[in-house]
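In what follows, a single structure is set out as structure tokens and then discussed.
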Amino acid sequence: MNHLPKILVVTQNPQRQAFFEQTLSPYFELAVFRDIEQAMEECARLPRQVIIIDQNGRRDRNCDLFVEYSNQLRDKSPGLIATAGQDISFDIDQQEIEVPALFFNFPILPKALLDGVSRIIGEKAEHVWKELPEAIGRPLTLTVEEYQGISDAIANGEPIDCNSAAESCTPLIDAVGTGGHHDLLKAVQSHHNYTYVHSMRVATLLTLFGHGLGMKGDDLLILSTGGLIHDVGKLVTPEQILNKPGKLTEDEWPVMRDHVTRSTELLGASTDVTKGALIIASQHHEKIDGSGYPHGLKGKELNELARMSVIVDIFGALTDARSYKPSFPQEKAFGILESMQGQIDQDLLKVFRAIFVPGSDVEKQVA
Ligand SMILES: [Fe+2]
Ligand SMILES: [Fe+2]
């Protein structure tokens, strides 16, 4: 089964078709049509997350029809990207189509197109979250805005505002306290910014873990904030490595692993980061037997916060859906963690499992 997000492309230009295929097909499932009517029929049968209309000339028949059909298909919420040659101005305006839309003139940088598609998918998810009950929708809306703010700060060379990150986590803590974690973990997956999705899931799971251990107040806030910002270093990892659909090469792994050092540097430059959040960010890939990175810390060098974050980070990654893999069922994820004897704290893992799956045999053992 193909888990890639689906994009429909309408173009009559073979060179541009090749560009769309080359740029997008590693990350998305593409269907290419020459004619808008066939494309819309296909879209009614199988809704697409984004439709790309490549204009031949100024405002051609395809675009007129797109406006008409996109309004009919509004409930399925396709987002639109319109592309055209260098000097062509777009005559479609946002109000006409009532769906998220972006406009690009060729030559288009592959990264700009990928970012655009990502933004449209993300915006749609955020729109759906606004319709969820407030207890679930608000933590998602606040943390995604916060994450965007962190991305902008990094891009502008400004320090990360960790107090603001902590504030955005307060509704998340409330939601977990009232049993909303399963809804949060599920709803956040519709967003297309994987680093945000993973970070929000780790924040939710760490909060749940802390809550189950009886932590309260500032201790819980450190866990959720630490979870939300633990991978900020990935915001400077090159896209082609971060979102590579296949396995990383020997040369690519060190670049990927470097995200931990980058997270530590970025958060270290912030005046208001807590010691606990910094430990979560800098030690979540360490292992008790010294086989982790970046420092190969061992045994007691890893405190409880670090040990909790290692478990939750792996569990989160295994149960995340990626473009190239479905999410693993939670039992399979726990099985993998249990096989990591010596690498992760198995006693803490039992506790986490009992908290995550209440009523399990493990819970009785722990009790
Ligand atoms: Fe990480
Ligand atoms: Fe992570």
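The values are calculated or read from the model by the stated rules, or taken from the named source; none is laboratory data. Everything quoted here is computed from the prediction, not taken from an experiment. Quick reminder, even Gly has a Cβ in these numbers, built from the backbone with ideal geometry, and neighbours come from all protein chains shown.
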message: Conditions first: (1) within 16 Å of ligand 1 (Cβ to nearest atom); (2) over 16 Å from THR195 (Cα atoms); (3) of a type outside the set (Ser, Thr, Tyr); (4) surrounded by 21 or more Cβ atoms within 10 Å (Cβ to Cβ). ALA281 passes all but one, so which condition is the exception?
response: (2)
- prompt: For GLY316, which of the numbered conditions (1) modelled with pLDDT of 95 or more; (2) farther than 22 Å from GLY227 by Cα fails to hold?
  reply: (2)
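Kindly evaluate ILE344 against the criterion of being modelled with pLDDT of 95 or more and touching a Phe, Trp or Tyr at 6+ places or on another chain (Cβ under 8 Å). I'd like the intermediate steps shown before the answer.
Details: modelled with pLDDT of 95 or more: yes; touching a Phe, Trp or Tyr at 6+ places or on another chain (Cβ under 8 Å): no.
Against the criterion (modelled with pLDDT of 95 or more and touching a Phe, Trp or Tyr at 6+ places or on another chain (Cβ under 8 Å)), ILE344 does not qualify.
Output the number of residues of the stretch 259-278 satisfying the condition of being in a loop (DSSP other than H, G, I, E, B) and surrounded by 16 or more Cβ atoms within 10 Å (Cβ to Cβ). It would help to see each step written out before you state the result.
The first filter runs over the stretch 259-278 and keeps only residues in a loop (DSSP other than H, G, I, E, B), leaving 269-274.
If we keep only those that are surrounded by 16 or more Cβ atoms within 10 Å (Cβ to Cβ) too, we end up with 270, 273-274.
Qualifying residue count for the region: 3.
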- request: Kindly indicate whether any position in the stretch 108-126 is closer than 26 Å to PRO14 by Cα, free of Cβ contacts under 8 Å to residues at least 40 places away in the same chain and hydrophobic (A, V, I, L, M, F, W, C).
  value: yes
message: Any residue in the stretch 25-47 that is under 18 Å from ILE121 (Cβ atoms) and polar (S, T, N, Q) sitting within a Cβ distance under 6 Å of a residue that is modelled with pLDDT under 85 and assigned to a loop (DSSP other than H, G, I, E, B)? List the pairs, counting only those 6 or more apart or interchain.
response: none
- line: Inside the stretch 225-246, the number of residues satisfying the requirement of being within 15 Å of ligand 1 (Cβ to nearest atom), more than 16 Å from HIS285 (Cβ to Cβ) and in a loop (DSSP other than H, G, I, E, B) is 1
message: Every residue in the stretch 307-338 that is more than 13 Å from ligand 1 (Cβ to nearest atom), assigned to a helix (DSSP H, G or I) and polar (S, T, N, Q), please.
response: THR319, GLN330
- prompt: Of the residues THR170, THR178, THR195, which is closer than 18 Å to LEU221 by Cβ, of a type in the set (S, T, N, Q) and in contact with a Ser or Thr (Cβ under 9 Å, 6 or more places away or on another chain)?
  reply: THR170
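So which residues in the stretch 11-27 are crowded, with 18+ Cβ neighbours inside 10 Å and modelled with pLDDT of 90 or more? Break it down stepwise before answering.
Of the residues in the stretch 11-27, the ones crowded, with 18+ Cβ neighbours inside 10 Å are 11, 16, 19-20, 23-24, 27.
Matches in the stretch 11-27: THR11, ARG16, PHE19, PHE20, THR23, LEU24.
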